[in-house]
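Structure first, commentary second.
All of the numbers you see were taken from the coordinates with simple rules; none came from a lab. Predicted model, so just to flag it, every value in this text is computed and none were measured. Cβ placement follows ideal geometry from the backbone for every residue including glycine, while neighbour counts extend to all protein chains displayed.
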Amino acid sequence: MSEEKKLRFSRRAFLKASAAATLAGSAGSFLLGCAPEEEVTPTDPVDDDIEVELPPEPEITTKFSWCGTCGANCAMVGEVVDDKLYRLKGNPDDQVAKGKLCVKGYANIKHLYDPDRLKVPLKRTNPEKGIGVDPEFVEISWDEAFELAGDAYNNAIEENGPHSVVIFSRSHDWLNRWQNAMGTPNRIAHQSICFTTYDAPWSACAGVGSRPWTLDIRNAKYLLSLGWDMPSKAKNNQAREYFEALENGAKAVVIDPRLTITASLADEWHPIQPGTDLAFCLAMINVIVNNELYDKDFVDNYTIGIDEIKEEVQEYTPAWAEEKCGIDADTIERIAEEFATTRPALIPNHKRDAGGPNHTNSWRVAYCIFILNALVGSIDREGGHIIQRTPSMPGFNDIFPPPDFPEMEVTERIDGFENHPLIAHRQVGDFATVSQGILNEDPYPVKAAFVRKYNILAFPNAVEAVEAFKKFDFVAVLDIVPSEMVQMADVVFPEPHFLETSGIGVRSYQALYPQIALREQVVDTLHDTKGFGGIVTGIAEAMGLGHYFEDVSSGEFHDERLKTLGSSWEELQESENGLWADEKPFEGRTEFDTDSGKIELYATKFEEHGYDTFPQWQPKREEPTDEYPFYYLISRPPMHKMTESQNNELLMQLYDENTLIMSEEKAQEMGIAEGDEVYVESRTGNRIKLKAELVKGMRPDCVCVEHGFGHWSEELSLAYQKGANDGDLIPTMTAQEMIDIKDPGAGGAMNDFCVKVEKA
Ligand SMILES: Nc1nc2c(c(=O)[nH]1)N[C@H]1C(S)=C(S)[C@@H](COP(=O)(O)OP(=O)(O)OC[C@H]3O[C@@H](n4cnc5c(=O)[nH]c(N)nc54)[C@H](O)[C@@H]3O)O[C@H]1N2
Ligand SMILES: Nc1nc2c(c(=O)[nH]1)N[C@H]1C(S)=C(S)[C@@H](COP(=O)(O)OP(=O)(O)OC[C@H]3O[C@@H](n4cnc5c(=O)[nH]c(N)nc54)[C@H](O)[C@@H]3O)O[C@H]1N2
Ligand code: SF4
Ligand SMILES: [Mo]
């Protein structure tokens, strides 16, 4: 095999496709998958470093999986030779992947074979903890790991009560049962710094528990993005549908302080002043309602509250909004008219855009976005925001009824999340307040932590979070690589990579009809790891809580659930495409899960809980001052996934260090040249050092840092000390400060502060 051919799929093709696209300022081929089918033959190894010695006629086994890198969970097919994975492809029959993956998805091969992966359970021998402190880990057996953790949690419970145990994890059936068996109210997940500002209006206005994820972008004819920037994030389905919509002639308008990839592809870009989208949106509602440009059929038949909205919105004229947001009144009026009269029109939204938890007024923007989409009939309609169609299956407790749980004596939480009634039931939690709760022992001291699949670099003010975690007597961490959170652990539990696990995944990011994807074990487990359910069961058994998990098995769980759909685990494994689907034409809902059965534009649910019933104008919390003159923006590069991909060789070849992105004009004024080192500092007192990257497409009063860098774990050999952590600068809050903001979505205000920049 010639050298040229050998490298075709590997780095060369990967880089070529990506670099060409990024340099051209168009994300095209980069986003649409970096390994075009015709360029790769089954005999091409994925990467020379993995050294798959392929026989002349290799016997290729195909395995189905779905990507665990981000929430889109694109269904994929793994091609394996001699138990080595050499290629991943998108599953063509999956609604989300439609045959392609994004660059992060393909690069999972390098993640799986990362030489730095955790390989056995570990125990800390150095009692000192902190940034740059060597934990002096020693290898231990699984039994010892379970015993150490079991004893630590039992001691904490005996001496300080169950609430002194704090779990940091997303919801998970096994975990939730263990939490209830212990009786701690503290399971803290990250969503209030990611998207819960959107949960509030969806819950109050449409009776949907959590905001839905499906967007029918490809059928939209007018796309108005308020910071929505998924083409820049390579979010597979959303990015591709944006291109399809543009090809189909849709008009695209982007409102964002930065010229993002999404903006560079659009017809118009308006660099709005950060935190003022609320004014822009209120004026749009004003124009649409006063001129009766809304979809009368949809509004009359499926919504209530239009009269109340009309009354509330009168003061918010385009001229008023111009003063606040800097976009001129005529432009606002024109965009409002175009948006309302070009159908289907959509304000696509995902997580950390203008309605995400970036500013203290963001939930109001999320509410406005909901109202605007409803006014043009784009809620659960073609070309609009769709409530995902998911299959109805029994839950874990239906299939494996648990013994009674003890009564939870203390229900107050360490992050104060129970104080947000519209979203408290979701049992997520608040990364923005938890460090302060722990440090101030408010409302009580906590003693032992359990952390799964979260890195400490993901906590706002990660420097403060390290101090908070130092207060725990015991910390167990479950990860697959030696992350910074692992460096804080007393005991480390190594989990398998998702390509070494099996299960089922319900489609939600593009679910126009119910569909389930199969995840098979693509390769044999490489290291001495255990799955999450097994680890939780092992700890529970060591604590004397094993009876909660008697007869529980994941195989039976999946099988029983599939059987209620008329399928089975066996049938799914034997299927030709690794998918179960109930494919039927999409029909928009005519009833919603609110008290009235209609969409409530003027949501009295907010009033019941003491929040504004209409998203009245409110400025963001912080504005530039002489001391901190720049607005701070955060984003993430398309080829990285938060803090977990900076040890991935392929992705690091594409982008290996974050920068301070600032306007060329402003930098010149300050005597800063491209590549100069600068300090960025916020009122947290923390400062980070980065190289300056000068761009034309940025407001001069803003600077931006891409998230994911600043790793200090020496065990991550590629990521170590590359760039800096944007999050060191984010101020945290106390639970009371969060309550005082009166945000029903308890958003973490991730960008609502300003910074200073100095030459280093
Ligand atoms: N490649 C990649 N994709 C990802 C992820 C990843 O790590 N990597 N993470 C996923 C996750 S969990 C999330 S939460 C999302 C986050 O991705 P996004 O939701 O796109 O959020 P950010 O990356 O923070 O980018 C926010 C955009 O909003 C703009 N912005 C900031 N303030 C304002 C404002 O006041 N008004 C307006 N109009 N715009 C503003 C910023 O300039 C920026 O362009 O990405 C998801 N997709
Ligand atoms: N500074 C700053 N902080 C942020 C954000 C930001 O923009 N800036 N964004 C916020 C947002 S929107 C989000 S969604 C959160 C995300 O926060 P996190 O969910 O913490 O995301 P990651 O930083 O990707 O860290 C995930 C960790 O899980 C590990 N991991 C990956 N797969 C597995 C697995 O199968 N099992 C186990 N046990 N571990 C695994 C990875 O190695 C990594 O250490 O971050 C938030 N924090
Ligand atoms: S969008 Fe990319 S990272 Fe996310 S699930 Fe799909 S392939 Fe994986
Ligand atoms: Mo997120």
>> Just to confirm the filter: which trypsin sites (Lys or Arg not before Pro) across region 651-760 are DSSP coil and have at most 16 other Cβ within 10 angstrom of their Cβ?
In response: Arg683, Lys696, Lys742
> How high is the relative contact order of the chain, given as a whole-number percent (alpha carbon pairs under 8 Å, six or more residues apart)?
Replying inline: 18
>> Using the Cα centre of the chain as origin and beta-carbon charges of +1 (Lys, Arg) and -1 (Asp, Glu), tell me which of Cys704, Phe557, Ala336 is placed farthest towards the positive end of the dipole.
In response: Ala336
>> Please compute the contact order of region 630-759 in relative form: average sequence separation of alpha-carbon pairs under 8 Å and at least six residues apart, divided by the residue count, as a percent.
In response: 35
>> What's the magnitude of the charge dipole for region 395-488 around its Cα centre, counting Lys and Arg as +1 and Asp and Glu as -1 at the beta-carbon? Answer in Debye, nearest 20.
In response: 340
> Any idea what the relative contact order of region 582-705 is, in percent, if you count C-alpha pairs under 8 Å spaced at least 6 apart?
Replying inline: 24
>> Loop only by DSSP, 12 or fewer other Cβ within 10 Å of the Cβ. Give me the GluC sites (Glu not before Pro) in region 251-313 that pass, ordered by residue number.
In response: Glu292
>> Can you give me the distance in nm between label points at Gln573 and Ile60, each placed 7 Å from the Cα along the Cα-to-Cβ direction?
In response: 2.3
>> Between Glu583 and Ile634, what's the calculated FRET efficiency when r is the beta-carbon distance and R0 is 45 Å? Round to 0.05.
In response: 0.70
>> Cα atoms only: what Rg and Dmax, in Å, come out for region 630-759?
In response: 15.7, 45
> What list of ³J(HN,Hα) values in whole Hz, one per residue of region 72-83 in order, does the Karplus curve 6.51 cos²θ - 1.76 cosθ + 1.60 (θ = phi - 60°) give from phi, with Gly and Pro shown as x?
Replying inline: 5, 6, 3, 6, 9, 10, x, 9, 10, 10, 6, 6
> When the dipole is taken about the Cα centre of region 630-759, and only Lys, Arg (+1) and Asp, Glu (-1) are charged at their Cβ, what size is it in debye, to the nearest 20?
Replying inline: 200
>> On a full-extension model of 0.36 nm per residue, what is the gain between Gln427 and Glu674, subtracting their alpha-carbon distance, rounded to one decimal in nm?
In response: 84.4 nm
> With a 10 Å Cβ neighbour count serving as the proxy for reagent exposure, in which order, fewest first, do Asp256, Asp330 appear?
Replying inline: Asp330, Asp256
>> Which of His350, His385 has the fewest other C-beta atoms within 10 Å, and how do the rest follow up to the most?
In response: His350, His385
> With +1 on each Lys and Arg Cβ and -1 on each Asp and Glu Cβ, how big is the dipole of the chain about its Cα centre, in debye rounded to the nearest 20?
Replying inline: 1100
> Nearest-5 percent of antiparallel DSSP beta bridges in the chain?
Replying inline: 50
> Label point 7 Å out from Glu268 along Cα-to-Cβ: which residues of region 360-403 have amide N under 13 Å?
Replying inline: none
> Considering the dipole of region 213-386 built from charges on the beta carbon (Lys and Arg +1, Asp and Glu -1) around the Cα centre, which of Ala234, Asn358, Ser378 is farthest to its positive end?
Replying inline: Ala234
> Once you put a point 7 Å from the Cα of Val410 and another 7 Å from the Cα of Glu441, both along the Cβ direction, what distance in nm separates them?
Replying inline: 1.1
>> Just to confirm the filter: which trypsin sites (Lys or Arg not before Pro) across region 356-405 are DSSP coil and have at most 11 other Cβ within 10 angstrom of their Cβ?
In response: none
>> Restricting to DSSP H runs of at least four residues, report the calculated mean residue ellipticity at 222 nm for the chain, -39500 (n - 2.57) per run over all residues, nearest 500 deg cm²/dmol.
In response: -8000 deg cm²/dmol
> Tell me, what are the semi-axes, in whole angstrom and largest first, of the equivalent ellipsoid of region 213-386 as set by the roots of 5 times the Cα gyration tensor eigenvalues?
Replying inline: 23, 19, 14
>> As I understand it, the dipole of the chain uses +1 on the Cβ of Lys and Arg and -1 on the Cβ of Asp and Glu, about the Cα centre. Which of Ala345, Ala152, Trp142 lies farthest toward its positive end?
In response: Ala345
> Each label point is 7 Å from the Cα along the Cα-to-Cβ direction; what then is the distance between the points at Lys471 and Glu244, in nm?
Replying inline: 4.9
>> Only counting other Cβ atoms within 10 Å, I'd like Cys702, Cys74 sorted with the fewest neighbours first.
In response: Cys702, Cys74
> Full extension from Gln521 to Lys691: what is 0.36 nm times the residue separation minus their Cα-Cα distance, to one decimal in nm?
Replying inline: 57.0 nm
> Over all distinct alpha-carbon pairs, what is the Kirkwood Rh of the chain in angstrom?
Replying inline: 26.9
